[in-house]
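Structure first, then comments.
The values are calculated or read from the model by the stated rules, or taken from the named source; none is laboratory data. None of the values given here were measured: they were computed from a predicted structure. Every residue, glycine as well, gets a Cβ built from its backbone with ideal geometry; the counts of neighbours run over all protein chains shown.
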Amino acid sequence: MHPFTYTRVSDTREALNAGRGGGRYIAGGTTLVDLMRETVEQPETLVDISGLPLREITVAEHGALRIGALVRMAEAAAHPKVRVLYPVISEALELSASAQLRNMATIGGNIMQRTRCTYFRDVTADCNKREPGSGCAALHGFNRSHAILGTSDHCVSTHPSDVAVAFAALEARVHLLGPDGERQVPFADFLLRPGSTPDREQALRRGELITAVEIPALPRPLKSGYLKVRDRQSYEFALTSAAVALHVRGGVIREARIAAGGVGTVPWKLPEVEQQLIGERPSESLWASAAAKAADGARALQHNRFKVELLKRTVERQLRIVGGTK
Amino acid sequence: MSTELPESAVPPPTGADESSSAPSRRTFIATSTAVGGVVVAGGVFAGTVLADPEEASAAEKPPSSRVSLTVNGTRRTVTVDNRTSLLDLLREHFELTGSKKGCNAGACGACTVLIDGQRHNACLTLAVRLEDAEVTTVEGLADGDQLHPLQQAFIDQDAFQCGYCTPGQIVSGVGCIKEGHTNSPEEIREWMSGNICRCGCYVKIVRAVEQTAGRK
Amino acid sequence: MSPQPQAAVGAPLSRVDGRLKVTGQAQYAAEFDVEGAVHAVVVDSSIGRGRITGIDTGAAEAQPGVLTVIHHRNAPKLPYRDNSGSNNPPGRRLRVFQDDRVLFHGQPVAVVVATTLEAAQHGASLVKVRYDAEQPSTDLHEAKPDKPTNYARGDAEAGLRSAAVRLDLTYQLARNHHNPMEPHATIARWDGNKLTVWDKTQWVMGTHDELAAVFDLPAGSVRVINPFVGGGFGSGLRCWPHTVVAALAARVTGRPVKLVLSRRQMYLGTGFRPSYEYRVRLGSDRRGRLSAAIHDIDAETSSYETFTEAVMGAGQMTYSMPNVSQAYRTVPLDVNTPIWMRGPGFASASFAIESAMDELADRLGIDPIELRRRNEPSEDESNNLPFSTRRLRECYTVGAREFGWQRRSSRPRSRREGDLLIGMGMATGVYDCGRFPAEARARLDADGTAVVEAATSDMGPGTYTSQTQVAADALGLTMRTVTFRLGDSLYPPTSPHGGSATMASVGSAVVDACNQVRQQAIKLAVEDRESPLHGVDAADVVVRGGRLHVQGNPARGESYRSLLARNDRTHLEARGQYAGAPSPARRSYFAYNATFAEIAVDATLGLVRVRRMLGVYDAGRIISPKLAESQAFGGIVGGIGTALLEHTVTDHRDGRIVNANLADYLVAVNADVPEVRAIYLDGEDNDGNLLGVKGLGEVVQVGVAAAIGNAVFNATGRRVRELPITAEALV
């Protein structure tokens, strides 16, 4: 681990000052410390923001849910309102990592997680994300866990977060605070596809701080849930996953919010699948025909071809679990 | 119950005196000059930022900070290298080697400790961040000679073999019971899955947690 | 000799070291507080083969706290004396920092020594190494194999040709890494020319011998200490290069040096279970009587050492058939050298053989257990020796009954629960238990307590506990008054702690030592005019709870304490010995199991989850039932990993292991293991050991992967011949 200076800030103004000066924010630290130890990350200054007052979960009158950036994964998952209003968020969180890590990691940090790509994490390997221009060792290397959607010739790594998949599905907004004030970014625009600049991962400006993630109000009743497919029963990143939220009224699907994980360079929203569902009545055949669209545009690599079919089946299964069959 | 320890209770990380007392160091600098003009085939081992030897001095200390924390009821004030993890602070400086280093990457749970009552991976926790924190390690669970009920349950159920993951399992189990994730064997299994036991004692670990949770 | 009452042996006791382990007081290798110790971190090669052309250590050495960087250009030349008789395989062992050759990706190329761990780690990341890289060869299927080792009886080709039913099946087994939870670690300290190391090892004598050889030191000038081993599963069976690096660094710096491998480095330099390609051709008649088998076995080894293991044994003696031929070929690759891993050889072979038997059963429409019964041999057909004990039929009967085997449908894919397909499978396991020379020392003190010592290890099976049980009964003492010590090369030497040999070998030496001490005491008593036992026939005296008395007449006797006090003896002492397996062998001495698995497959999503497992074992006498059960569970859980999760992946482009961590190399976690049960058949096997044991730590993992694979077939109708069985194969 490279040496670094450490500052602890107690209010956001102080944080922004430190951030503007090039300091690196640290919240739960579960990704950052790990990557610093691998020398993938070499910040010169760590700005400890864990003391900032960003730990509230609030529900607005119209039903929008706002989760403070420093709320721990465990707290968010266990929060009664989250559990009732958005099971998909609770489930995604509780299917992540381990109990210990969920006690440490924060919501803001979780969506800032960096890829688990083995070549990214190994500083002796080529990786455009870590070292722009060095090449992508994963493209023709061992890429079983890699992405089939949103990839480029420069990067094929997946975004590892589970809850970000739920956020993407629910069309969350990321609240940011920067030197120029507050702004909100739609989740779909917050995490960036690699394109030719895989080192740019978020639509963050220098020194900007995530303050909260807001889930917009959705019509009720809303059924939702998260399915995670992995080799091991627990404590593993997803091979594929699906976040599904459905609003069914009068036997007809009125709203659908669907995204997939483990398959995209960013959490992968599935608007075509959503479109297939709107206005239809839940049925086995509907789930199958809608899910058939889930992997449209997929580009498989040598070791992850199975994900194309697995993704469709994951989405289909989760549609059935959430939507039932009538 | 806290006792303020003098800072000198733990030697601050420093390189100055030790390195000057190492007689052979200069010899090695002299003999380890790199040979240039050859194909760089394998890629550079280190990352991109390299310290310039002209600028650095062996007497210079790495960035360090003073931190006061409570470990197993004892207040400690130390100056730590900012890079030092809680796990290394415990193991290398406080001689509390009960917390184990299994992966040093949050992937095994052997280092599990309670921080302010919640289970955390000490390997991913920078010690410098623990100002005023209350840390409980496996060494802090027993009440004198009286084992914590979960420690006793691990013995009764033979919930370990080599014993290396055991402190982390037990501390994690204490956290799991406190959280209330012990309503069924399935729930215990899931909520204890952050602690790998390579000897494969899982079934017995679940029994031990169940036995202890049931007594509460 | 008087028959001693057995109070401790066979009792379900808790571990004697349990309290130390649950309180964090048990000290593992890296945890000894050696005054003045500095930290060493190894720099690994970032190429898979080639030469080092330059090393720039300036940036590392400029770091505060860094004492030195040692590499092949400045390291002292080390004698590296031959160390035959060790666990070093044939070849030329890796000599640390002695030349510029890189033999595999991740080979140690330098070590940074610093006053703090942080400085050493940072320093290691700053060492710049330049290489002249060559293309490494790391693919088992692409490289040229060595000449085969062969076995033949009868005419297998002819037997196969004339068989009514023939199968030709090829199985692929992934490389597995032991991944004990405790990383390998060494603290080394020189006092003049004497070297002391605290080293994670399953064999303190092995580390002792290797360090003496590498540094050309006389025996007695190296001491190896390791009272607790945080798991091994085989990885601690030889002294690895990092231990030499620690000793070298301590030599060079004049400071005690602590070197702990990172989890990643555990994949680079402490061995592994080699990957295999195992082709088996079976011939049988329509009733399932086997007539021939041909085994073609290819396995990884390194380019510099030829590692072999007992992968041929199971194919020679598990089932009765007149014609067998085997060809076992090692394939040298640019990798580090493999080493035995739990159930070595047999676990790998069993996946192929036991899967093939299941395939044959399915082809013939015969129940898999019935098929095995029809081919049960009456002697070991590889050497025509009688079996010492072989109770596989009983394992099958008990296992089938206890597991509910009759509920298994012989037709695959016939049991469904919602999205899940449920299947059952079973497999047979055999293991050739080791018996190696060992010594032990027992001392009975005047206060009536005893200390027994042997330079063995306890990597988790409970050596401390089980040897205390054995010693307590042989001495006629309670568990509480006996202390067993291990893990120090100053104790009487033993062979490696592995191969399921420890109880038969060390246990026999312990019994011998304790019997001698007890006999000395009895002799003292019966010859002592003042003893109540004076004049009694020594053969009629037993000792119980520290009291010698006439058998059948507890009133007539006295305690060790009074006997020794009256005779002014501070202690009685004896050294016991065990010579190893009888030679020539008179019997075929194997442990056996029948392992059963019930699994659920989500056939849509390709996920296999174990529901319950049962192992039934014929492992001779069980000294410590509570601990033996734990070992069985461990073997089963290890087998679940091999079957469904574990796979060390190498990028053949440059020989890099790409999943060298516990997040990407998956071992089973708690949620993967719902229900496990172990049954040990009562009984004993007295072939060549004093305890009636056979050893059980290895056999418990043999056959587990095949039982699971067979259950997957029963559930889905799909036969997966490649381990691990993952979603790719089932989607």
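Tabulated data for the structure shown
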quantity: The listed residue being surrounded by fewer than 24 Cβ atoms within 10 Å (Cβ to Cβ) and in contact with a helix residue (DSSP H, G or I) (Cβ under 8 Å, 6 or more places away or on another chain), out of C:Arg287, C:Arg238, C:Arg273, C:Arg251; calculated: C:Arg287
quantity: The range A:129-156: number of residues that are away from every other protein chain (no Cβ under 13 Å), more than 28 Å from A:Ala256 (Cβ to Cβ) and of a type in the set (Ser, Thr, Tyr); calculated: 1
quantity: Options C:Thr648, C:Thr604; residue that is within 30 Å of C:Gly50 (Cβ to Cβ), surrounded by fewer than 24 Cβ atoms within 10 Å (Cβ to Cβ) and touching a helix residue (DSSP H, G or I) at 6+ places or on another chain (Cβ under 7 Å); calculated: C:Thr648
quantity: Per-region count, the range C:141-188, residues closer than 30 Å to C:Val38 by Cβ and hydrophobic (A, V, I, L, M, F, W, C); calculated: 4
quantity: Entirely in the range A:6-107, the helices (runs of 4 or more DSSP H) that have 1 or more residues that are within 13 Å of chain B (Cβ to nearest Cβ) and more than 19 Å from B:Ser64 (Cα to Cα); calculated: A:32-37, A:73-78, A:87-94, A:99-104
quantity: Residue in the range C:201-217 that is touching a residue at least 40 places away in the same chain (Cβ under 8 Å), part of a strand (DSSP E or B) and within 26 Å of B:Lys100 (Cβ to Cβ) present; calculated: no
quantity: Residue match in the range C:332-347 (condition: without any contact (Cβ under 8 Å) to a residue 60 or more places away in the chain, buried (at least 19 other Cβ atoms within 10 Å of the Cβ), closer than 30 Å to C:Thr201 by Cβ and of a type in the set (A, V, I, L, M, F, W, C)); calculated: no
quantity: Any helices (runs of 4 or more DSSP H) falling wholly within the range A:229-326 and containing at least 2 residues that are touching a Leu at 6+ places or on another chain (Cβ under 6 Å); calculated: A:284-291, A:306-323
quantity: Failed item in (1) in contact (Cβ under 8 Å) with a residue 60 or more places away in the chain; (2) over 30 Å from C:Ala292 (Cα atoms); (3) among the β-branched types (Val, Ile, Thr), with C:Val102 passing the rest; calculated: (1)
quantity: Selection count where residues are closer than 21 Å to C:Thr494 by Cα and of a type outside the set (Ser, Thr, Tyr), scope the range C:185-213; calculated: 16
quantity: Set C:Ala163, C:Ala213: member being within 30 Å of C:Leu364 (Cα to Cα) and small (Gly, Ala, Ser); calculated: C:Ala163
quantity: Long-range neighbours under 6 Å by Cβ, at least six apart or interchain, first residue touching a residue at least 40 places away in the same chain (Cβ under 8 Å) and within 24 Å of C:Met181 (Cβ to Cβ) within the range C:646-668, second of a type in the set (S, T, N, Q) and outside any loop (DSSP other than H, G, I, E, B); calculated: C:Glu646/C:Asn176; C:Ile657/C:Thr650
quantity: Residue that is farthest from C:Val229 (Cα to Cα), among those in the range B:99-122 that are part of a loop (DSSP other than H, G, I, E, B) and of a type in the set (S, T, N, Q); calculated: B:Asn104
quantity: Selection status of C:Lys128, at pLDDT 95 or above, surrounded by fewer than 24 Cβ atoms within 10 Å (Cβ to Cβ) and within 25 Å of C:Val42 (Cβ to Cβ); calculated: yes
quantity: Number of the exception - A:Gly150 against (1) touching a residue at least 60 places away in the same chain (Cβ under 8 Å); (2) among the small types (Gly, Ala, Ser); (3) crowded, with 24+ Cβ neighbours inside 10 Å; calculated: (3)
quantity: Members of the range A:287-326 that are farther than 15 Å from A:Ala259 by Cα and free of Cβ contacts under 8 Å to residues at least 24 places away in the same chain; calculated: A:Ser289, A:Arg305, A:Phe306, A:Glu309
quantity: Per-region count, the range C:1-39, residues in contact with a strand residue (DSSP E or B) (Cβ under 8 Å, 6 or more places away or on another chain), within 23 Å of C:Gly546 (Cβ to Cβ) and polar (S, T, N, Q); calculated: 2
quantity: Some residue of the range C:165-187 being free of Cβ contacts under 8 Å to residues at least 40 places away in the same chain and not assigned by TED's automatic domain parsing to the domain that holds C:Leu662; calculated: no
quantity: Selection within the range C:46-65 - in contact (Cβ under 8 Å) with a residue 24 or more places away in the chain, within 7 Å of chain B (Cβ to nearest Cβ), not charged (D, E, K, R) and not in a strand (DSSP E or B); calculated: C:Ser46, C:Ile47, C:Thr57, C:Ala59, C:Gln63, C:Pro64, C:Gly65
quantity: Residue tally, condition at the interface with chain C (Cβ under 7 Å from one of its Cβ atoms) and not in a helix (DSSP H, G or I), over the range B:80-98; calculated: 6
quantity: Every residue from the range A:296-319 that is farther than 17 Å from C:Glu728 by Cα and facing chain C (nearest Cβ under 9 Å); calculated: A:Glu316, A:Arg317
quantity: Single residue of the range B:183-203 satisfying the filter (surrounded by fewer than 24 Cβ atoms within 10 Å (Cβ to Cβ) and touching a residue at least 12 places away in the same chain (Cβ under 8 Å)) that is nearest to C:Val22 (Cα to Cα); calculated: B:Arg189
quantity: Every residue from the range C:348-375 that is basic (Lys, Arg) and surrounded by 23 or more Cβ atoms within 10 Å (Cβ to Cβ); calculated: C:Arg372
quantity: Residue within the range B:135-153 that is at pLDDT 95 or above, more than 9 Å from chain C (Cβ to nearest Cβ) and in contact with a strand residue (DSSP E or B) (Cβ under 6 Å, 6 or more places away or on another chain) present; calculated: yes
quantity: Among the candidates A:Arg230, A:Arg281, residue that is of a type in the set (Lys, Arg), over 16 Å from the mean Cα position of the chain (by Cα), over 30 Å from A:Asp11 (Cβ atoms) and within 14 Å of chain B (Cβ to nearest Cβ); calculated: A:Arg230
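Quick grid of which residues meet (1) among the hydroxyl-bearing types (Ser, Thr, Tyr); (2) crowded, with 23+ Cβ neighbours inside 10 Å:
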residue	(1), (2)
A:Ile89	no, yes
A:Ala92	no, yes
A:Ser96	yes, yes
A:Arg102	no, yes
A:Thr106	yes, yes
A:Pro132	no, no
